[in-house]
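No value in this document is a laboratory result; all are computed from the given coordinates. Keep in mind the model is a prediction, meaning the values are calculated, not measured. Every residue, glycine among them, receives a Cβ derived from its backbone with ideal geometry; neighbour counts consider all protein chains shown.
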Amino acid sequence: MTPAALAEYLKVAEQFFANPQGSHRYSRIAMRQLDDYRERVAAVLACGAGEVFFTSGATESNNIAIQGSARAGGLVAASAVEHKAVLAPVLARGGLVISVDVDGQIDQDRLRRFLKEHAGQLGVVSIMAVNNETGVTFPVPVFAGMVHKHAPRALFHCDAVQAATVLDLAEFVAPCDMVSLSAHKFGGPKGTGILIAKDTSKVRPLSLGGSQEKDLRPGTHDLASIAAMTVALEAAQLNHAGVNSELSVLRDRFEALVGQEVPEATFTGANSPRSPAISHMLLPGVTSEEMLFMLDEAGIAASGGAACASGALDPSHVVVAMGVEHQLAKGALRFSFARSNTPDEIDLTAKALGEIYRRLQR
């Protein structure tokens with residue numbers, strides 16, 4: 001959490017202890033605070049306050065968007081490289097998967113044909129803003145426009161979790177029917193998130209038992225976490241252009257050094273637009289598990305894919321969907337960058353990566 005978000009959390013947790021849904025004055029005070037944070041989120045995202053729903057994170061937001069829309073009727077579809085929080089509910093609902101090319105992108109002609117073929121059946125189509133493993137970014141406004149044109153009965157949902165610190169979220173929210181965000185991806189607390197839903201008449205709640213969030217997401221509000229998330233979101237969006245520029249320098253420096261240390265490495269999605277916050281690579285002749293173990297021993301935190309899939313022995317569904325050969329896919333590594341990282345850390349990491357790779361090769 002950012003210092004400002006943590007300070008807001010502590011202040012609200014201490015001062016506003018009542019349940020916002022209660023009937024006494026202390027609850028009314030808490031409700032006014034809740035309404036204020038909702039309006040501030042709406043101002044950042046350039047949407048209506050009534051379109052902002054607070055959730056426990058993007059996993060819940062994604063499931064409400066996908067499964068809630070499916071319950072209202074229609075077939076669901078998503079790209080083959082979505083986070084499991086989207087892909088799993090799509091597959092559980094018997095939905096359709098939209099393939100990607102070798103660079104992790106969706107071909108627009110193929111998407112157009114797909115939408116026309118299934119236009120009368122589709123209830124929701126979900127395509128992410130930034131892939132959480134490869135960093136590949138998608139032209140969401142273009143895809144949203146295609147869905148609305150060729151499958152007008154379908155809602156368009158975007159998992160924008162990885163976009164908040166480096167892209168203008170308002171540009172993603174404007175053309176979409178639903179957007180999911182997770183606070184811990186932009187300096188807020190874990191277990192808190194947002195779902196933007198512009199027309200809830202086509203979305204059914206997954207949980208019952210309360211009137212909170214217009215019945216769409218019942219449960220007592222965690223006001224302190226919502227407060228911290230709001231402050232973090234405002235700061236992230238205010239500074240996203242500068243962060244994008246700074247991280248681009250770090251990411252490019254890192255990949256250039258890794259290219260010198262490990263010429264065998266290939267950078268996934270290098271021919272596609274990418275978020276500068278992520279560098280994903282494939283290393284032949286090793287597995288991510290052994291690389292990660294030795295990187296961790298060197299004090300370097302990295303991953304083989306999504307954190308929620310940590311420990312899985314099979315290669316990531318994302319790189320498999322991109323057509324990467326099975327054995328090479330098992331050598332995938334993901335490095336993430338934040339504003340707090342320094343050039344010295346970048347240099348140390350690239351050098352350590354090269355030494356560990358050569359050691360394993362020997």
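Given the C-alpha centroids of the stretch 102-149 and the stretch 161-223, what is the distance between them in whole angstrom? Cα centroid to Cα centroid, the span is 20 Å. Taking a sphere under 13 Å around the Cβ of residue 100 and counting the other residues whose Cβ falls inside, with K and R at +1 and D and E at -1, yields a net charge of -4.
The Kirkwood hydrodynamic radius of the chain, based on inverse pair distances between different Cα atoms, is 21.3 Å. Spin-label pair residue 99-residue 342: with each label point 7 Å from Cα along the Cα-Cβ axis, the two points sit 4.8 nm from one another. A simple spin-label model places the labels of residue 264 and residue 149 4.6 nm from each other, with each point 7 Å out along Cα-to-Cβ. Close Lys pairs in the chain (alpha-carbon distance under 19 Å; sequence gap of 8 or more, or different chains): 9. Against the main long axis of the alpha-carbon atoms of the chain, helix 288-297 sits at an angle near 90°. Between the helical axis of 25-45 and the longest alpha-carbon principal axis of the chain there is an angle of about 50 degrees.
Using the Cβ-Cβ distance between residue 7 and residue 28 with R0 = 22 Å, the FRET efficiency computed as 1/(1 + (r/R0)^6) comes to roughly 0.35.
When you restrict to C-alpha pairs under 8 Å that are six or more residues apart and normalise by the size of the stretch 167-295, the relative contact order lands at 18 percent. Each stretch of four or more DSSP H residues adds -39500 (n - 2.57); spread over every residue of the chain, this sum gives -14000 deg cm²/dmol at 222 nm. For the chain, the longest principal axis of the C-alpha atoms and the axis of helix 108-117 are separated by about 50°. For the stretch 143-160, the Karplus equation 6.51 cos²θ - 1.76 cosθ + 1.60, evaluated at θ = phi - 60°, returns couplings of 5, 4, x, 5, 5, 5, 7, 9, 9, x, 7, 8, 8, 10, 10, 10, 7, 9 Hz by residue, with Gly and Pro reported as x.
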